[in-house]
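Novice: One structure coming up, written as structure tokens, with questions to follow.
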Amino acid sequence: MPHPSTSSPAVVAIIPARLSSTRLPRKVLLNETGKPMIVHVVETVRRSTMLDRVVVACDAQEIVDALAGHDVEVVLTDPDHPNGTSRLSQAAGLLGLAADDIVVNVQGDEPELDPTLIDHAVDAFVRSGVEMGTLASPMQPGDQPEDPNLVKLVTRQGDDGVHRAIYFSRSRIPHDRDAKGVVCLKHAGLYVYRRALLDRFVSWPISTLESIEQLEQLRAVEAGVEISVAIRPFVHKGIDTPEDYRGFVERQKQ
């Protein structure tokens, strides 16, 4: 997959890193492997072939201090953002990104993310010419489609061969009434944006469907934003609990 040419807009991954976390407090700074978890995330993201730059957007000076000496670019954002997209928009502004630059939002708790997934998401986004993109996968062994914490989506295929999102839901969609064996897609919290859309997005009020489903991406759907979807199989391995982190540490020893 070719890297964007030097005449193309910059492609910048921004990784939000918050100090507080409900289920696993201070998880981005956990360092039983000898380095903070967020550094592992940065190293993984850097293996993508489509990126020009990788930046951590954090909410606390303590994270800035912990990253010193790890060769990680970091920006300190306001601590009170209402959501991750708002933090992303501020970080893009602090970095001085141009309106047509491409921002890739990667979660700060996925140190084992397959970096080729970033490549596919960015490639689909660029080929589609839309302002927002994301990633989906057919359900994998162990996935539970009825779990409301596992977000589902349905798509349509564009004339360019790239899928576009129709809807996201915590419910299983589409409903397979006649048991035809419809493939159910799960969503990954990886997004691609034009910088200009980020600034517009945060100016929009919370939408009706966003409020009902508690899914921020539905604000864009309701605003009529086309969202490209790269569909690739993946297994989610985010770090949400102490058990998740212990498993990650053990895998690092292998």
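Novice: For Phe234, what charge total do you get from the other residues with a beta carbon under 11 Å from its beta carbon, if Lys and Arg give +1 and Asp and Glu give -1?
Specialist: -1
Novice: Just to be sure I understand: of the beta bridges DSSP finds with both ends in the chain, what percent are antiparallel, rounded to 5?
Specialist: About 50 percent, rounded to the nearest 5.
Novice: Next question. For the stretch 132-254, what Kirkwood radius comes out of the mean inverse Cα-Cα distance, in Å?
Specialist: Details: mean 1/r = 0.0622 Å⁻¹.
Evaluated over the stretch 132-254, this radius sits at 16.1 Å.
Novice: Which whole-Hz couplings ³J(HN,Hα) result when phi for each residue of the stretch 20-33 is put into the Karplus expression 6.51 cos²θ - 1.76 cosθ + 1.60, θ = phi - 60°, listed in order with x for Gly and Pro?
Specialist: Using θ = phi - 60°, the values come out as 8, 7, 5, 8, 9, x, 6, 5, 5, 9, 4, 9, 5, 8 Hz.
Novice: Related question: Check the chain and count each lysine pair with an alpha-carbon distance under 15 angstrom, considering only pairs eight or more places apart or from different chains.
Specialist: Numbers: Lys27/Lys35; Lys27/Lys237; Lys35/Lys253; Lys152/Lys186; Lys186/Lys237.
Close lysine pairs under the 15 Å cut-off: 5.
Novice: So, one more: Rounded to the nearest 5, what % of the DSSP beta bridges within the stretch 96-244 are antiparallel ones? Let's see the in-between values first.
Specialist: Numbers: 21 of 26 bridges.
Expressed as a percentage, antiparallel bridges in the stretch 96-244 total about 80.
Novice: Compare Ser48, Ser128, Ser211 in a GNM of the chain, Cα atoms joined below 10 Å, and give the one with the largest fluctuation.
Specialist: Ser211
Novice: Here's another thing I want to ask about it. For the chain, report the accessible area per residue in Å² (1.4 Å probe, heavy atoms, rounded to an integer). Don't jump to the answer; show the numbers that get you there.
Specialist: Details: 12120 Å² over 254 residues.
It amounts to 48 Å² per residue over the chain.
Novice: Could you tell me the calculated FRET efficiency between Arg251 and His175, based on Cβ-Cβ distance and R0 = 30 angstrom, to the nearest 0.05? Working shown, then result.
Specialist: Values: r = 37 Å, r/R0 = 1.24.
E between Arg251 and His175, to the nearest 0.05, is 0.20.
Novice: Leaving out ligands, DNA and RNA but keeping every protein chain, what accessible area does Ile166 have, in Å² rounded to the nearest 10, with a 1.4 Å probe?
Specialist: Spelled out: Ile166, probe radius 1.4 Å, area about 90 Å².
Novice: Can you check how the C-alpha radius of gyration of the stretch 1-100 compares to 2.2 N^0.38 Å, as a plain ratio?
Specialist: Values: Rg = 14.2 Å, N = 100, 2.2 N^0.38 = 12.7 Å.
The reported ratio for this selection is 1.12.
Novice: In the stretch 99-171, what is the volume of the convex hull around the alpha carbon atoms, normalised per residue and reported in Å³?
Specialist: On the way: hull volume 9.3 nm³, N = 73.
Spelled out: Cα convex hull of the stretch 99-171, divided by residues, is 127 Å³.
Novice: Can you list residues from other chains, or at least 5 along the same chain, whose modelled amide H is less than 5 Å from the amide H of Tyr167?
Specialist: Those qualifying (amide H under 5 Å, at least 5 residues apart or on another chain) are Val154.
Novice: Another question, if that's okay. When Lys and Arg each count +1 and Asp and Glu each count -1, what net charge do the other residues less than 13 Å away from Asp244, Cβ to Cβ, add up to? Mind showing how you got there, number by number?
Specialist: Working: positive: Arg23, Lys27, Lys237, Arg246, Arg251; negative: Glu32, Asp109, Glu110, Glu112, Asp240, Glu243, Glu250.
Net of charged neighbours comes to -2.
Novice: Please report, as a whole percent, how much of the solvent-accessible surface of the stretch 3-127 comes from carbon and sulfur atoms (probe radius 1.4 Å).
Specialist: On the way: 2480 of 5240 Å².
It is 47 percent, rounded to a whole number.
Novice: How large is the Rg to Rh ratio of the stretch 185-224 when both quantities use alpha carbon positions and Rh follows Kirkwood?
Specialist: Details: Rg = 10.6 Å, Rh = 11.0 Å.
In the stretch 185-224, Rg relative to Rh is 0.97.
Novice: For Leu215, what charge total do you get from the other residues with a beta carbon under 12 Å from its beta carbon, if Lys and Arg give +1 and Asp and Glu give -1?
Specialist: On the way: positive: Lys152, Arg170, Arg219; negative: Glu210, Glu213, Glu216, Glu222.
Around Leu215, the charge tally is -1.
The values are calculated or read from the model by the stated rules, or taken from the named source; none is laboratory data. Please read these numbers as outputs of a predicted model, since none were measured by experiment. Cβ coordinates were reconstructed from backbone atoms using ideal geometry, including for glycine residues, and neighbour counts include every protein chain displayed. Protein only, heavy atoms only, side chains kept; ligands, DNA and RNA dropped before computing areas. Shrake-Rupley method; radii C 1.70, N 1.55, O 1.52, S 1.80 Å.
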